[in-house]
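Taking it in order: structure first as structure tokens, then the write-up.
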Amino acid sequence: MHPIIFQHSFITLRTSYLLWFVAVSVFMFWTRSRAVNKYGMDYNKTTGAIIWTFFAAVSGALFFDFFGKTLLFFSGNTSFSGFFPAQLSSSGGILCGGLAGIYKSRMENIKWNDFADAAVIPASAAIAIWRLGCFFDGCCRGVPLEGSQAAWFAVHYPGDLEGLYRWPYPLIESAFALALMLFLAAVEKIFFKKKTPEYAFLTPLFILFYGSFRILADPIREAGLKKGGLLVFIFFAIIGLLISIITIYKSIQSEK
């Protein structure tokens, strides 16, 4: 594990920073390419929607973290360790980024469902890369494994006590996100041969599977989802399931 790539004086280049930058770049440029070339969307309008999505995701991630720490502070919870350094809440980022992307696409008179379907495959790839950054940074590191015998998949972080091994949560989520990206790409290739569907098709699948994964995988995450974050992903899973059923039904009806 090499968390620091380069360090000179006050300049430090961390592996996590590089991977997070790559994740954001992949999402922004790949989404624009798919939106313009596959879905026939306007280049400038799509760029504006992507920028709105990015900044809203960052703002939402910071706000959820700040809000959660504020509740800990005023409740006197012993786990409160200060507001800084700030952390990014994935639930807040996904929720606010998604809502901002839908809002901006509607304001620009571009089909929000096409924009969403164009974005979810790059989003899955970005999550896979982002979690690799989390692994090198040591955040969301996973709960300790029980027993003194280390399993083959266990991870020992430099800052942990000797003999303490953890679930490799960031690697697990990264692998899931990569598998989800490949699944969505396969669905798109199989069902979108002639034209893109009238209704959002990939987006509800992404929401359903990723939301369900986060709910199920929460017990092995280091601190677990905060109550607000857990509610967000439960909401994601339910909405994703309902929209998936409606979308599939409407798609079948339109083919008749």
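No value in this document is a laboratory result; all are computed from the given coordinates. All values reported here derive from a predicted model rather than from experimental measurement. FYI the Cβ positions are ideal-geometry reconstructions off the backbone, even for glycines, and counts take in every protein chain you see.
By a straight-distance test (C-alpha under 12 Å), which aspartates and glutamates pair with residue 111 as possible cross-link partners, with residues fewer than eight away in the same chain excluded? Filter leaves 42, 198.
Both radii were evaluated on the Cα set of region 4-189; the Rg over Rh quotient, with Rh as the Kirkwood radius, amounts to 1.03. For region 4-189, the residue among 74, 96, 31 whose Cα projects farthest onto the positive side of the dipole built from Cβ charges is 31.
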